[in-house]
Amino acid sequence: MAKRGMHISGYFPRLGLASLILCIISGIILTFYYRPMGNVFQNVEEITTLVPYGWFFRQLHYASGQVFVILMLLHTVDHFLRRRYRVYSVGEWNLLIVSLGLCFFTLFTGFILKGDKEGIFAGQIFMNILKSVPFIGAPLSKLFMVPGEGFFFLPYLYHCFFLPVLIIYFLRAHIREWLPDHKFLAFSATGLFLYALIVRPYMDIPPDALVGEVKGPWFFLGIQTLLKTMPATLAGLIIPGLFLLCLLALPLARKEGRSSAPSGQQGREGTARLGEAVLYYLIVGALCAYGILTIRAGIRGP
Ligand code: HEM
């Protein structure tokens, strides 16, 4: 239920959940026509131009997916800034962070599914990043994508099935009310329906078109910029992986300090506090740097 005078923090997850519901419904409608093989670009263009209300469901799915993930990001940043990881168990905090990562991966696979030049390009970059992992690169990349006729099939399977199921499974204990208050549902549905009705779908670039620059999805622009100056393993895996590790380790520092306090080891408590502060500001610094990189790449190109 919507509480009176609810803090802004309370709106992010509720509106996010309402957007997820709309996203899943519109996604299921799209799969009635979408085929992840053959001429995928033509198939998606047919959804936009020939299938009755196809353009509407595409826009609704796109907007609800973006809004859902952006609200999940804001919700996590809000928890982080209010240092809520101190009250969560390490396992619970880690599940939230992993779920957020999966949300972004769902957006990424959706971007590939468009089947246009940008989607194919993003898929190929992703495949190359995975292949660059020493020793296990080739089998690892085959878990997510294969070249040729089946290029879209695995991203399709992840996007429409594995990832949404995993996200919901991981969040099952964290979410108390699965059906948000009708006010949140009505507000999200009105906003997103209006967007889908008013904003015309973005012109997808045909796979064989000659274009100077191909951009990835907005949250990938920073990595795309780094990839220009660094090896794929460093820019695409090591740097994001280190960032993820810092986030996952955050509640651990605090736990270490607390568990040693009763035995009078105040020195350890002090070290743990310092460790937590260092991790916290490292994450804030990395987030700001990535934000600046993304905005710069959005304006000037990656
Ligand atoms: C966490 C949930 C989901 C998110 C965040 C999400 C997001 C997205 C995004 C951003 C796109 C690209 C749209 C574009 O740029 O035009 C997309 C495409 C697509 N999604 Fe999802 N989606 C989700 C769940 C689902 C589910 C559950 C299904 C089906 C059961 C589905 C089916 C599709 C299909 C068929 C496409 C390709 C058609 C198109 O590009 O319009 N999605 N999704």
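Calculate, in whole percent, how much of the Cα-Cα pair population of the stretch 1-114 lies beyond 26 Å.
32
Identify which of Leu60, Leu113, Leu30 has the largest mean-square fluctuation in a Gaussian network model of the chain, with springs joining Cα atoms closer than 10 Å.
Leu30
Tell me what the chain gives for mean residue ellipticity at 222 nm when only DSSP H runs of n ≥ 4 count, each as -39,500 (n - 2.57), the sum divided by the residue total, rounded to 500 deg cm²/dmol.
Result for the chain, helices only: -23000 deg cm²/dmol.
So for the stretch 107-229, if I pair up every lysine 8 or more residues apart or on another chain, how many of those pairs have alpha-carbons under 20 Å apart?
6
What longest range of the chain stays clear of loop-exposed chymotrypsin sites (Phe, Trp or Tyr not before Pro) (DSSP non-H/G/I/E/B, at most 12 other C-beta within 10 angstrom)?
With a cap of 12 other Cβ atoms within 10 Å, the longest stretch comes to 179-302.
Only Cα pairs within less than 10 Å get springs; with that Gaussian network setup on the chain, which residue of Ala18, Ala173, Ala235 has the largest fluctuation?
Ala173
Tell me, what is the FRET efficiency for Asn39 and Arg86 to the nearest 0.05, using R0 = 45 angstrom and their Cβ-Cβ distance as r?
Efficiency at R0 = 45 Å is approximately 0.30.
Per 10 Å bin from zero, what fraction in whole % of the C-alpha pairs of the stretch 216-302 is there, up to the bin with the longest pair?
Once binned at 10 Å, the Cα pair distances of the stretch 216-302 give 17, 36, 23, 15, 8, 1.
Just to confirm the number: angle between the C-alpha axis of helix 266-300 and the first principal axis of the chain, 0 to 90 degrees, nearest 10?
Long axis of 266-300 versus the principal axis of the chain: about 20 degrees.
Going by C-beta contacts inside 10 Å, put Asp208, Asp116, Asp181 in order with the fewest on the left.
Arranged by neighbour count, lowest to highest, Asp208, Asp116, Asp181 become Asp208, Asp181, Asp116.
Grab the beta carbon distance between Ile136 and Arg273, set R0 = 35 Å, and tell me the FRET efficiency rounded to 0.05.
For R0 = 35 Å, the calculated efficiency reads 0.40.
For the chain, modelled as a GNM with alpha-carbon contacts under 10 angstrom, which of Thr233, Thr76, Thr271 fluctuates the most?
Thr271
Two decimals, Cα atoms only, Kirkwood Rh: what is Rg/Rh over the stretch 10-214?
0.99
Give the range of the longest stretch in the chain that excludes all trypsin sites (Lys or Arg not before Pro) found in loop regions by DSSP and having at most 12 other beta-carbon atoms within 10 Å. Present the calculation step by step, with values, prior to reporting the outcome.
Working: sites that count: Lys3, Arg4, Arg82, Arg172, Arg176.
In short, 177-302.
Under a crude label model (7 Å from the Cα following the beta-carbon direction), how far is Ile299 from Ile175 in nanometres?
Output for this residue pair reads 3.7 nm.
We did not get these values from a lab; they are worked out from the coordinates using the rules stated. All of these numbers come straight from a predicted model, not from anything done at the bench. When we count neighbours, we look across all protein chains shown, and the Cβ atoms used for this are built from the backbone with ideal geometry, even at glycine.
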